[in-house]
Amino acid sequence: MSRYRLVAAAIIPILVLTACNAASPSAVPSSAAPSTEASASASASAEATPAASQGDKFKGVSVNLLTFNGPQVAEPLQRRAPDWEQLTGGHVNVVAVGFQTIYDKAILDASTGTNSFDGYVFDPQWLGDFVGPGYLLDLSDRVKGDTQLQWDDIGPFFRDFNATYNGKVYTIPLDGDFHMVYYRSDLLQKDGLKPPATWDDYMTIATKYNGQDLNGDNEPDYGSCIAKKKGAQSYWWIISIAAGLLQGKGTNEGAFFDTGNMNPLFGQNDAMNKALDMYAKTATVGPPDELNMDVGGTRGLFTTGRCALSMDWGDIGTLTPGTYAQDKTGATITPGWKEVLDRSSGKLVPCDANTCPNAVDGVNYAPFASFGGWSGAINAASPKANQDALYDFLSYMSAPAQSGIDVTLGKTGYNPYRTSHFSDTKPWLDAGLSQGAADNYLGAIKSSLQNTNMVLDMRIPLTKRYQQDVLDTAVSQYLAGELDAAAAEQAIADGWNAITDEAGKDAQLAAYVASLGVQR
């Protein structure tokens, strides 16, 4: 069985929750058919019971855990480590580094046998580079019988995509990531506007509000705020914009490579021309220094009322309480397109029942599971006592009692990924969201998760080089005016082909089609 055979089957039932049935006006209806079986299976939400005290079970054991210095992501690990230490006697040393550093530091430590880290909270896209050489501990047996972790409460998509590789579990999910668009609901409501359904709609709304005073401080504000800084995860934004132009026939079609020959779709074609042009256009209605702005900067602008629109993971929704944007923020599925790439000609063709069978009102939505979500893995070469202690800590972090709170706090960088995170809205209300805001926010995430044309992020060997090195560099050069669209697309295609040839084209193609659940 393909390692992702379950992904396509799990798309529709993912997190269809009986406790969150209120429809959000901004959550565009999914093209997925309703599943009564999914509703029944998802309704068994976990109770958030506190972790039981284990006394001195890990007394004298100290583990080193490598992660991102956000300060998000590291924050909940650092905050909860002392509590876990009190419960178990074990100590966790959280080593936090920059995003561009995590992969290199982890792979070098493992490949050289240094093994200074007992585990990692990192990008599950990298599993292909860590599982093959045997660097990670197989957690399959541990998770199934772990009453603290409550494995079945974790959404099927996150269990099957973030945690599983070649049929075995290697990570514990701590986060669930999807790109969405955020909008100033007060502005759109006042002017009788709907949230953007297409990227053309997005630009129309952004242009309308750009230069207006949006927060009452008598200063001109911005129509759109989207991160574009090189080396700061911004390459995921161009993928979200391009996704609906590149993939129209469902998740299994893929958006990065042609599944027949491994030719890059992020190459010279009309879809990439349009996507790059749109990404550049959003900068014309954004802050003047947007090319040097990461998500921390754009989030700050949005929550202080300075942006009419933004695209981000789930973080903005939980950052709004206590800010100008509180109860003035809506979330919606990432806008789509009314055209899609004809892969044989490289031209765009109109969406119809054949080219975009999942379209809603003529719009091809392709919500992007960008990154997938921070996940914890354990070094297979660490001493068993360290492995056991770190597993227990990661299980404690992911357990409903802890994660159910952490995903509601903007400072953590963690977004919902468990059935119980969606079925119980009380923690969201306790965190400062109104019932309407919570329903809208969770509804937008569910609309993405349930879409049958969801785009899976790349997860093959050397993914880091394809995306963080080649794609990020070429797109940044394009935005800076150093390359035109054709040259940027050629640089991406050449760079990706070189990596594919280095790794072995047949092996990479097999890994890619398997990641999509495609049968061969």
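Close Cβ contacts (under 8 Å, 6 or more residues apart or on different chains) running from residues in the range 122-150 that are more than 17 Å from Leu65 (Cα to Cα) to residues that are of a type in the set (A, V, I, L, M) and exposed (fewer than 14 other Cβ atoms within 10 Å of the Cβ) comprise Gln148/Ala52. Could you list, in sequence order, the residues of the range 119-154 that are acidic (Asp, Glu), at pLDDT 95 or above and either touching a Pro at 6+ places or on another chain (Cβ under 8 Å) or closer than 17 Å to Asp175 by Cβ (or both)? Within the range 119-154, just Asp153 meets the criteria.
Can Asp153 be described as of a type in the set (Asp, Glu), open to solvent by less than 20 Å² (accessible area, probe 1.4 Å), in contact with a helix residue (DSSP H, G or I) (Cβ under 6 Å, 6 or more places away or on another chain) and on the phi < 0 side of the Ramachandran plot? Against the criterion (of a type in the set (Asp, Glu), open to solvent by less than 20 Å² (accessible area, probe 1.4 Å), in contact with a helix residue (DSSP H, G or I) (Cβ under 6 Å, 6 or more places away or on another chain) and on the phi < 0 side of the Ramachandran plot), Asp153 qualifies.
Of all residues in the range 399-413, those satisfying the criterion of being outside any helix (DSSP H, G or I) and either open to solvent by less than 10 Å² (accessible area, probe 1.4 Å) or in contact with a Gly (Cβ under 8 Å, 6 or more places away or on another chain) (or both) are Ala399, Val407, Thr408, Gly413.
Against the condition open to solvent by less than 10 Å² (accessible area, probe 1.4 Å), in the same structural domain as Gly300 (by TED's automatic domain parsing) and acidic (Asp, Glu), how does Asp217 come out, does it pass?
Details: open to solvent by less than 10 Å² (accessible area, probe 1.4 Å): no; in the same structural domain as Gly300 (by TED's automatic domain parsing): yes; acidic (Asp, Glu): yes.
Against the criterion (open to solvent by less than 10 Å² (accessible area, probe 1.4 Å), in the same structural domain as Gly300 (by TED's automatic domain parsing) and acidic (Asp, Glu)), Asp217 does not qualify.
Assess whether Ala385 counts as being aliphatic (A, V, I, L, M), surrounded by fewer than 20 Cβ atoms within 10 Å (Cβ to Cβ), under 23 Å from the mean Cα position of the chain (by Cα) and part of a helix (DSSP H, G or I). Let's see the steps before the verdict.
On the way: aliphatic (A, V, I, L, M): yes; surrounded by fewer than 20 Cβ atoms within 10 Å (Cβ to Cβ): yes; under 23 Å from the mean Cα position of the chain (by Cα): no; part of a helix (DSSP H, G or I): yes.
So Ala385 fails the test.
Taking the conditions (1) of a type in the set (Asp, Glu); (2) assigned to a helix (DSSP H, G or I); (3) open to solvent by 10 Å² or more (accessible area, probe 1.4 Å) in turn, Asp472 satisfies each one other than (3).
Going through the range 339-362 one residue at a time, which ones are crowded, with 20+ Cβ neighbours inside 10 Å and either among the aliphatic types (A, V, I, L, M) or touching a Ser or Thr at 6+ places or on another chain (Cβ under 8 Å) (or both)? Hits for the range 339-362 are Val340, Leu341, Asn358, Ala359.
In the range 316-330 there is no residue that is out of contact with any strand residue (DSSP E or B) (no Cβ under 8 Å at 6 or more places or on another chain), closer than 30 Å to Gly481 by Cβ and assigned by TED's automatic domain parsing to the domain that holds Arg343.
Any residue at all in the range 459-468 that is in contact with a Lys or Arg (Cβ under 7 Å, 6 or more places away or on another chain) and modelled with pLDDT of 95 or more? Give the derivation first.
Step one: list which residues in the range 459-468 are in contact with a Lys or Arg (Cβ under 7 Å, 6 or more places away or on another chain), which gives none.
Within the range 459-468, not a single residue is in contact with a Lys or Arg (Cβ under 7 Å, 6 or more places away or on another chain) and modelled with pLDDT of 95 or more.
Within the range 480-520, the set of residues being in contact (Cβ under 8 Å) with a residue 60 or more places away in the chain, closer than 20 Å to Gln125 by Cβ and outside any helix (DSSP H, G or I) comprises Leu516, Gly517, Val518. Take Asp424 and decide whether it is surrounded by 24 or more Cβ atoms within 10 Å (Cβ to Cβ), of a type in the set (Asp, Glu) and assigned by TED's automatic domain parsing to the domain that holds Phe68. The answer is no for Asp424. Scanning the range 151-167 for residues that are touching a strand residue (DSSP E or B) at 6+ places or on another chain (Cβ under 8 Å), in contact (Cβ under 8 Å) with a residue 24 or more places away in the chain and closer than 15 Å to Ser375 by Cβ yields Ile154, Gly155, Phe157, Phe158, Phe161, Asn162, Ala163. Every listed requirement among (1) over 23 Å from Val61 (Cβ atoms); (2) open to solvent by less than 30 Å² (accessible area, probe 1.4 Å) is met by Leu108 save one, (2).
If a residue must be in a loop (DSSP other than H, G, I, E, B) and of a type in the set (Val, Ile, Thr), how many such residues does the range 168-179 contain? Let's see the steps before the verdict.
Narrowing the range 168-179 to residues in a loop (DSSP other than H, G, I, E, B): 170-171, 174-179.
From what is left, the residues that are of a type in the set (Val, Ile, Thr) are 171.
Count: 1.
Of everything in the range 113-150 that's open to solvent by less than 40 Å² (accessible area, probe 1.4 Å) and among the aromatic types (Phe, Trp, Tyr), which residue is nearest to Ala385 (Cα to Cα)? In this case the residue turns out to be Phe117.
Scan the range 460-515 for residues that are among the charged types (D, E, K, R), within 13 Å of Ile238 (Cβ to Cβ) and within 20 Å of the chain's Cα centre (by Cα) and jot them down. Outline the logic, then answer.
So in the range 460-515, the residues among the charged types (D, E, K, R) come out as 464-465, 469, 472, 482, 484, 489, 494, 501-502, 505-506.
From the residues that got through so far, the ones that are within 13 Å of Ile238 (Cβ to Cβ) too are 472, 489.
If the condition is that a residue be among the charged types (D, E, K, R), within 13 Å of Ile238 (Cβ to Cβ) and within 20 Å of the chain's Cα centre (by Cα), then Asp472 is the only one that fits.
Only a single item in (1) open to solvent by less than 10 Å² (accessible area, probe 1.4 Å); (2) modelled with pLDDT of 95 or more is not met by Tyr391, and it is number (1). Taken residue by residue, the range 118-138 has no member that is in contact with a strand residue (DSSP E or B) (Cβ under 9 Å, 6 or more places away or on another chain) and among the polar types (S, T, N, Q). Quick check, is Tyr182 open to solvent by less than 10 Å² (accessible area, probe 1.4 Å), under 25 Å from Ser310 (Cβ atoms) and outside any strand (DSSP E or B)? For Tyr182, the condition - open to solvent by less than 10 Å² (accessible area, probe 1.4 Å), under 25 Å from Ser310 (Cβ atoms) and outside any strand (DSSP E or B) - is not met. Once the range 286-300 is narrowed to residues that are within 21 Å of the chain's Cα centre (by Cα) and open to solvent by 10 Å² or more (accessible area, probe 1.4 Å), the residue that is farthest from Ala227 (Cα to Cα) is Gly300.
The values are calculated or read from the model by the stated rules, or taken from the named source; none is laboratory data. Note that this is a predicted model, so its numbers are computed, not measured. Glycine gets a Cβ as well: all are built from the backbone with ideal geometry, and neighbour counts include every protein chain shown. Just the protein is used for accessible areas: all its heavy atoms, side chains included, with ligands, DNA and RNA removed. Shrake-Rupley method; radii C 1.70, N 1.55, O 1.52, S 1.80 Å.
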